[in-house]
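Read the figures in this text as sums done on the coordinates, not as results from a lab. Everything numeric here is computed off the predicted structure, so don't read it as measured data. Cβ placement follows ideal geometry from the backbone for every residue including glycine, while neighbour counts extend to all protein chains displayed.
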Amino acid sequence: MERTFLAIKPDGVQRGLVGEIISRFETKGFTLVGLKFLNVSRELAEQHYAVHRQRPFFAGLVEFITSGPVVAMVWEGDGVVASARKIIGATNPLTAEPGTIRGDFGINIGRNLIHGSDASETAKHEIALWFKEEELVNWQPHLTPWLHE
Ligand code: GTP
Ligand code: MG
């Protein structure tokens, strides 16, 4: 089954949106397989955002993601990578559709509440970066067989 890495950024935590954001994925029907609340080290932040190393906003991005605690999660489900990106919405909250997390709660591109892996391969890389194998819970909700055709 496909997995994705999601992280509620410091602004989502500080604004008290942790429950609201987790609910979007839980009520959609995806399965939570990993969750932790942590202060992100500079090293982890730089590795996580390595693809953006040359961008002008990189230093600010690392500064921000290390500025307060983050909720790191792994979610599982068919098509979860692309679906989670839809639930999250466009990078810039001002153009993100209403109904998406960023569209409903965000107003600034540098404070867009949540990160979601952009592809299945990226997800594998990010999950390995943020979680040890033993921190992930291999389980299936009892409803799963009933919910699928
Ligand atoms: P993530 O899920 O966080 O990776 O966002 P994304 O995939 O929608 O966007 P992308 O990977 O291109 O950028 C990573 C993060 O860098 C974004 O979530 C923004 O917080 C930030 N970012 C991207 N573009 C800009 C920009 O032009 N200015 C600023 N200040 N931040 C940016
Ligand atoms: Mg991205």
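Using R0 = 25 Å, the C-beta based FRET efficiency linking Asn92 and Ala128 works out to 0.30. Paramagnetic label reach from Thr144 (point 7 Å along Cα→Cβ; backbone nitrogen cut-off under 19 Å): within region 81-97, residues 81-84.
Along the chain, the exposed loop sites are trypsin sites (Lys or Arg not before Pro) outside DSSP states H, G, I, E and B with at most 11 other Cβ atoms within 10 Å, and the longest stretch free of them is 54-131. For Phe57 and Glu2, the difference between the fully extended length at 0.36 nm per residue and the C-alpha to C-alpha distance is 16.7 nm.
When the chain is treated as a Gaussian network with alpha carbon springs shorter than 10 Å, the biggest mean-square fluctuation among Thr31, Thr95, Thr66 belongs to Thr95.
Radius of gyration (Cα atoms) of region 3-139, expressed as a multiple of 2.2 N^0.38 Å: 0.97. Mind telling me which of Gly79, Gly110, Gly60 comes out most flexible in a GNM of the chain, alpha-carbon contacts under 10 Å? Maximum among the listed residues: Gly60.
Take the chain, mark every one of the chymotrypsin sites (Phe, Trp or Tyr not before Pro) that falls in a DSSP loop and has at most 14 other Cβ within 10 Å, then report the longest stretch left between them, sites excluded. With a cap of 14 other Cβ atoms within 10 Å, the longest stretch comes to 58-138.
If you take the charge dipole of region 48-149 about its Cα centre, with +1 on Lys and Arg Cβ and -1 on Asp and Glu Cβ, which of Phe131, Ser120, Phe58 is farthest toward its positive end? Going by the charge dipole, the pick is Phe58. Listed from fewest to most Cβ neighbours within 10 Å, the set Leu147, Leu17, Leu6, Leu94 follows the order Leu147, Leu94, Leu17, Leu6. As a calculated quantity, the FRET efficiency between Gln47 and Val18 at R0 = 30 Å, using C-beta atoms, amounts to about 0.80.
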